[in-house]
1. For residue 50 and residue 330 in the same chain, what is the full-extension length gain: residue separation times 0.36 nm, less their Cα-Cα distance, in nm?
2. Place a label point 7 angstrom from the Cα of residue 194 along the Cα-to-Cβ direction, then list the residues of the range 140-162 whose backbone nitrogen is under 17 Å away.
3. For the range 291-305, take each phi angle, set θ = phi - 60°, evaluate the Karplus expression 6.51 cos²θ - 1.76 cosθ + 1.60, and give the result in whole Hz per residue in order, putting x for glycine and proline.
4. Relative contact order of the range 71-124: what whole-number percent is it, with Cα pairs under 8 angstrom and at least 6 residues apart?
5. What value, in deg cm²/dmol to 500, does the helix sum -39500 (n - 2.57) over DSSP H runs of n ≥ 4 give at 222 nm once divided by the residues of the chain?
6. Order of 325, 61, 142, 271 from fewest to most other C-beta atoms within 10 Å?
7. Could you tell me the relative contact order of the chain? Use alpha-carbon pairs under 8 Å, at least six residues apart, and round to a whole percent.
8. Averaging the inverse of every distinct alpha carbon separation and then flipping it gives the Kirkwood radius. What is it for the range 6-337, in angstrom units?
Amino acid sequence: MQPVNLSDYEALAKARLDRGALDYYQGGSDDEVTLRANRTAFERLRLRPRVLVDVSACDLRTNVLGIPVTMPILVAPTAAHALAHPDAECATAQAAGAAGTLMVVSSSATRSLEDVARAASGPLWFQLYIRRLRHAEALVVRAQAAGYRALVLTVDTPRLGNRERDIRNNFEGFPTPNYDSDGKEEPFMGDTLTWDILDWLRSLTSVPILLKGILTAEDALLAVERGVAGIIVSNHGGRQLDGAVPSIEALPEVIAAVDGRCEVYLDGGVRRGTDVLKALALGARAVLIGRPILWGLAVDGAAGARRVLEILRAELEKAMMLAGRPTLASIDRTLVQPVGTAPER
């Protein structure tokens with residue numbers, strides 16, 4: 001039977017993936033409290049629909065850092081797409097382009113950043129981990145040369161979280177061609193990074209820089225003071241610090257701190273069009289989805305990943321119609337109300 005929602009794709013993917021790959025994709029850290037909370041936090045937000053509004057034509061088009069996309073739904077950076085499908089990140093890039101949206105390519109991809117760029121038919125951003133300075137510099141130069149439109153620096157990973165599923169499975173990892181090394185580089189330095197790394201990055205490239213992994217107003221302020229173009233509110237899909245605040249709950253304070261000085265996005269737990277609607281109402285410019293893309297990829301390659309995006313787009317459009325918000329500009333804070341609170345006016 002044709003999957004009708006993202007949960008259907010997840011169920012089908014579980015039947016196709018081996019245990020190690022499934023747990024690598026699906027798991028969080030420690031007791032997976034934050035992993036679960038990313039979903040349940042959306043359930044604590046209620047929608048306040050308006051009626052008698054002309055919703056015969058809803059417009060989902062927007063732009064991200066000036067790049068036009070057909071919907072406020074982007075593809076998040078996730079590693080190891082080859083565990084889901086042989087065409088790996090190349091298939092995902094094709095799916096994103098076919099759906100009219102943007103993909104953020106992980107530096108831990110199982111295809112080289114150049115191969116993904118050649119396969120892509122839509123815009124790409126490049127996600128960066130800084131493990132070694134010389135290697136990070138090479139990646140930045142390569143990404144800009146390959147046509148990537150922005151750098152997304154992940155800032156919540158001084159060390160990997162305690163991912164117990166991978167430990168139990170003796171998960172051995174996967175090829176990472178972007179990190180092939182001759183072994184002569186400096187030792188790992190991710191746990192020594194400070195805000196000064198942004199000045200270093202900016203000296204290497206002219207493309208915009210976004211930070212992924214911000215959860216507090218304090219860090220959001222430091223980010224805008226350093227001139228970042230965007231912030232992705234994210235707890236790494238519950239894979240880093242367990243017990244961290246759910247992304248959707250962190251979003252309002254980041255939006256307030258930024259106060260329009262840079263674009264703000266959200267990832268973590270988005271599974272329905274109503275989730276997207278709630279994130280937009282709280283101030284996100286767009287959301288990014290990770291695991292659902294992998295489910296689609298595992299089920300039907302590029303076509304499955306594209307279908308996941310199309311399902312979410314259709315759900316968002318219907319939610320906008322039912323909420324009486326036919327344009328993205330008409331979506332605001334008055335649309336959402338946390339459980340047990342009075343609505344904002």
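What follows draws every value from the coordinates through simple rules; no lab data is involved. Since we're looking at a predicted model, the values are computed, not measured. Cβ: placed from backbone, ideal geometry, glycine included. Neighbour counts: every protein chain shown.
1. Difference between extended and current length: 99.7 nm.
2. Residues 158 qualify, since their backbone N sits under 17 Å from the label point.
3. Residue by residue, the range 291-305 yields 4, x, 4, 5, 4, x, 4, 5, 7, 8, x, 4, 5, x, 5 Hz.
4. Computed over the range 71-124, the figure is 43 percent.
5. After summing the helix terms and dividing by the residues of the chain, the value is -12000 deg cm²/dmol.
6. So the ranking, lowest neighbour count to highest, is 61, 142, 271, 325.
7. 27 percent
8. The Cα-based Kirkwood calculation yields 19.9 Å.
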